[in-house]
1. Looking for something in contact with a strand residue (DSSP E or B) (Cβ under 9 Å, 6 or more places away or on another chain), within 21 Å of A178 (Cβ to Cβ) and among the small types (G, A, S) - is there at least one such residue anywhere in the range 68-78?
2. Restricting to the range 78-125, what's the tally of residues that are in contact with a helix residue (DSSP H, G or I) (Cβ under 6 Å, 6 or more places away or on another chain) and either at pLDDT below 90 or in a loop (DSSP other than H, G, I, E, B) (or both)?
3. From the set of residues in the range 160-203 that are in contact with a Leu (Cβ under 8 Å, 6 or more places away or on another chain) and among the hydrophobic types (A, V, I, L, M, F, W, C), which is modelled with the lowest pLDDT?
4. Pairs please, first residue from the range 177-203 and within 14 Å of G129 (Cα to Cα), second anywhere and of a type in the set (F, W, Y) and assigned to a helix (DSSP H, G or I), Cβ atoms under 6 Å, 6+ apart in sequence or on different chains.
5. Can you name the residue in the range 128-149 that is among the hydroxyl-bearing types (S, T, Y) and over 16 Å from Y180 (Cβ atoms) and, of all such residues, is surrounded by the most Cβ atoms within 10 Å (Cβ to Cβ)?
6. Residue by residue through the range 94-127, note down the ones that are within 16 Å of the chain's Cα centre (by Cα) and crowded, with 18+ Cβ neighbours inside 10 Å.
Amino acid sequence: MLTKSNLREQSVAPPHAQKGVVLFIALIVLVVMTLGGIALIRSTDLTNIIAGNLAFRQAATHSGDTGIETAFAWLQANSGLLTNDVANAGYSANGNNPSRSPAAGQTWDAYWNSLPASRIRTLATDASGNTVSFIIDRMCANAGATTGGANCSASVVASVAGGAAEEGGEIALTAPSATYYRITVRIAGPRNTVSFVQAMVTI
C-alpha cells in the first residue's frame, strides 16, 4: 500500500539545466576537421603544381633537341663561313674567349640576357609553347682560319705508333684534327620555365 511518504520517495528528480559543454566540444571538433580539410586540399593543389612544373621543365628540355639539331645543320651547311662571326645566325668564331662565356658567379640565364639580339638565333615557338634559341661558339681563342693562329681546341690527330716489329703490317690511320663547336640552347616555356642544354660537336 502506497502512502504519501512513499510517493514522495518515488518521485522523479527534476532534470538538471544543460550547460552546453557537448555543443562547445562539437564546435571545436568541427573547426579542427574543417582546418584539416583545407590543409589537405592545399597540399593536393601544391603537389599538382609541382608535378606540372616538372612536366613543363622536362618538355622544355626535350625541345632543346630541336635547337641542337638546327644549329648542327647550320654548321654543316655553312662550313665555309666559320672563320668569322656570322651576324643574326648565333655564331661566334672565338668561343674560347672569356667574354663568350658567363663570368665567375654569373648564371647562364643572366649571361644570356646580357647578349645582344644579333648574337642569338631564335626559332619559332613550338606546339608546346616553348621558344627555343641558341648560340654556337667555335672553341677558338681568336677568329680566323684554324691554321692561322686561331688557337682552337681540337681533337688530336689519330695515328699508329711505329718502331716495333709487331706493327710492321699495320696501316696508319688518317684522321685529321677536328675543331670543336659548342652549341648552347635556351628554352623558355610556359609558367616561366627556363632550361639550358649544351652539346659539343665537330664537323
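The values are calculated or read from the model by the stated rules, or taken from the named source; none is laboratory data. Because the structure is predicted, anything quoted here is derived from the model rather than measured. Counting neighbours? That spans all protein chains shown, and the Cβs are built from the backbone with ideal geometry, glycine included.
1. yes
2. 3
3. Filtering first and then ranking leaves V160.
4. Here the result reads R186/W112; G189/F56; P190/F56; R191/F56; T193/F56, each pair linking the range 177-203 to a residue that is of a type in the set (F, W, Y) and assigned to a helix (DSSP H, G or I).
5. The extreme case among them is S133.
6. Scanning the range 94-127 gives a single hit, W112.
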